[in-house]
Amino acid sequence: MGRVKIAFYGALRKITGERTTDIEASTLKEAITELNAKYGKRFKNGVFDERGKLTRFINIYINGKDARFLN
């Protein structure tokens, strides 16, 4: 696992109360799982829709690249 720095903006900054956090994760899925564990149900409800998919309002960038266009 690697150390990952996560930056929060907008609504997620309000939910977490932080601008950034550091977590241990090797994949995006692991990172989201760690964030859900750290910030709880309010965070999860802010990130996922009722079907468990990322909401269209959440943008995830990995090293400056939009995760939607990465494998």
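Laboratory data are not the source of any read-out in this text; all were calculated from the coordinates shown. Model, not experiment: these values are computed from the prediction. Here Cβ is always computed from backbone atoms with ideal geometry, including for glycine, and neighbour counts include all displayed protein chains.
Quick look at the numbers
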{"item": "Helical mean residue ellipticity (222 nm; -39500 (n - 2.57) per DSSP H run of 4+; nearest 500) of the chain", "result": "-12000 deg cm²/dmol"}
{"item": "Amide N proximity, the range 34-71 versus Arg13 label position 7 Å along Cα-to-Cβ, cut-off under 17 Å", "result": "58-61"}
{"item": "Per-residue ³J(HN,Hα) for the range 16-31, Karplus 6.51 cos²θ - 1.76 cosθ + 1.60, θ = phi - 60°, Hz, x for Gly and Pro", "result": "7, x, 9, 7, 9, 8, 10, 9, 9, 6, 10, 10, 4, 4, 4, 4"}
{"item": "Vicinal HN-Hα couplings computed from phi for the range 41-56 (Karplus, 6.51 cos²θ - 1.76 cosθ + 1.60; Hz; Gly/Pro x)", "result": "4, 4, 5, 4, 5, x, 9, 10, 7, 5, 8, x, 9, 4, 5, 6"}
{"item": "The range 2-69, Rg to Rh (Cα coordinates; Rh as Kirkwood inverse mean 1/r)", "result": "0.92"}
{"item": "Residues Lys41 and Lys65, FRET efficiency given R0 of 35 Å [Cβ-Cβ distance, rounded to 0.05]", "result": "0.75"}
